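What follows is a single structure, written as structure tokens, with notes after it.
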Amino acid sequence: MPASAQSTAEDSVQTDRTPGALEVSVERSFMRMSKGTATVAPITGYGVAMRIGYRPAALSRRALFEAYGLHAPSDASSFSKAPQVSTVGFAASVLLRKPYRRINPYLMVGGGVYHVDAQEGRPCRPEDGCLDESGVSFRDATLGSALMDAGLYVTLLRQLAVRAGAQLYIPLRAPSRVRDSGSTRPAVSLGITIRP
């Protein structure tokens, strides 16, 4: 194949897979709320995350600046008592490979506001698995937070990709009175990214 034809084919592939300027992601998240104790299993919760971002052409579409939000409702299980968690903020990430690559890892950092609704109005009964009796305790809290995220995109089409990531939501300057609500929350997520 002549060099000019090969170059044209490569350019076509790059154009076909290079992300556009806008990006919207919807993800299902699995978050660990507490490490647990010797007698109680770790407490986990499921949530939904949404991200809206912009990839500047000036940075070769490798950088992404986005607003994010995550909501994990409280667990109705009497044995878990996972609190309701919500977080919103802004983040910046960079693709670690050229933007047209089909599989592309990324690294992200960000910050925002993190809120825990401990559902403190519910009665605390040991026979229902009450957290206060088990050594794990949440309190209502709204805190500044940092976000660290690493993951990857798998591009299906130029306009559609699968996004998977592992996050750390890190509450900042949490006072001791909020107890386990001030702990770092690891999470994993899987979702779809649309690039119109």
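The values are calculated or read from the model by the stated rules, or taken from the named source; none is laboratory data. It should be emphasised that the depicted structure is a prediction, and the values quoted were computed from it without experimental measurement. In case anyone asks, the SASA skips ligands and DNA or RNA and just uses the protein heavy atoms, side chains included. Shrake-Rupley method; radii C 1.70, N 1.55, O 1.52, S 1.80 Å.
Remark: accessible surface ordering of 162, 178, 94 (largest first) is 94, 162, 178, probe radius 1.4 Å. Only protein heavy atoms count here; under a 1.4 Å probe, residue 138 has an accessible surface of about 10 Å².
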